[in-house]
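I have placed the structure first, in the form of structure tokens, so that the comments after it can refer back to it.
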Amino acid sequence: MYRVQKILSLLGVLSRRECEKNIKLGLVFVNNIPIDLGATVSIGDKISFDNHDYIITEDLLNIDTKLLMYHKPIDEIVSRDDPQKRKSVFKNLPDVYGKWINIGRLDYKTSGLMLFTNNGDIANKLMHPSSNIKRTYEVVIKGNFDISKIKLSMAGIEIGNSEIGKFVNVINDKLSSNKFQVQLMSGKNREVRRIFEKLNCRVLSLKRISYGDISLGDLKYKSYRYIDIQKISKYI
């Protein structure tokens, strides 16, 4: 017997916490019957949520977890469905049992390292703030990002929507006065860009070069590489 929260999390449909919220709202069904918290399923049962059905199979419960890195170029979107018909990162990924789940996002004009897995539990753990994973970005800006502004960015700065943006480290490229490496621990929407906007600096280019212990290295644009799960074992 398996808890419904575990199955929907494994599939990447909902995190366990999100699943509990939707169960309380009566939006999750097993074999067409609304369930309570603590409900379990067995092989052959059907979970329904948001007009989608998920049949429990042995293959699902013994999923062969895959993890890969991908070098996203600018002008690709991290979505399978886009009304504007822009190119999707998912078009360049290999086939996998289940589906590829993106671990965080990069906006349309940001390039660099992205991670994908077919295990929703692992994806949620790697994205959750409690994982304390450093994300490192290479950024070229226009504007004066002096010592006082660097200190402000590392102390934490209001970036709108009642959110605080904060760099945990800033490294200046000594060959260029407007090129920096910045590190942060969170994955708020467009956080790097919003921090610089608040400091009256304009981002000219932005590229993620590492996520925790995984670095982009020499991986070419639009290319992917499988990663040993052991590389992320300390986070899961």
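Please treat every number below as a calculation from the coordinates, not as lab data. Here the structure is a predicted model, which means the values were calculated and not measured. Glycine also receives a Cβ, built like all others from the backbone with ideal geometry; neighbour counts cover every protein chain displayed.
So here's what we get for this one:
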quantity: Contour excess over end-to-end distance, with Cα ends at Glu197 and Lys231 and 0.36 nm allotted per residue; calculated: 8.8 nm
quantity: Cα gyration tensor shape of region 1-119, rounded if a/c is under 1.5, else prolate or oblate by comparing a/b with b/c; calculated: prolate
quantity: Summed residue charge, Cβ within 14 Å of Asp36's Cβ, Lys/Arg positive, Asp/Glu negative; calculated: +2
quantity: Computed label-point distance, nm, for sites His128 and Ser42 using a 7 Å Cα→Cβ extension; calculated: 2.9
quantity: Spherically averaged projected area in nm², based on the convex hull that wraps the Cα atoms of the chain; calculated: 14.5
quantity: Value of relative contact order over region 143-195, rounded to a whole percent, pairs C-alpha under 8 Å and six or more apart; calculated: 30
quantity: Mean ellipticity per residue at 222 nm, deg cm²/dmol - from DSSP H runs of n ≥ 4 across the chain, formula -39500 (n - 2.57); calculated: -5000 deg cm²/dmol
quantity: Beta bridge orientation in the chain: antiparallel %, DSSP, nearest 5; calculated: 95
quantity: Residues whose placed amide H lies under 5 Å from that of Leu11, excluding near-sequence neighbours; calculated: Gly120
quantity: Estimated vicinal HN-Hα couplings, Hz - region 210-225 in sequence order (Karplus 6.51, -1.76, 1.60; Gly, Pro = x); calculated: 7, 9, x, 8, 9, 10, 5, x, 9, 4, 6, 3, 6, 10, 10, 8
quantity: For region 73-142 versus region 1-59, the gap between their alpha-carbon centres in whole angstrom; calculated: 25
quantity: Under-5 Å amide H pairs with Asp45, H placed in peptide plane, nonlocal only; calculated: Ile56
quantity: Count of Lys pairs (Cα-Cα under 22 Å; at least 8 positions apart or interchain) in region 37-96; calculated: 4
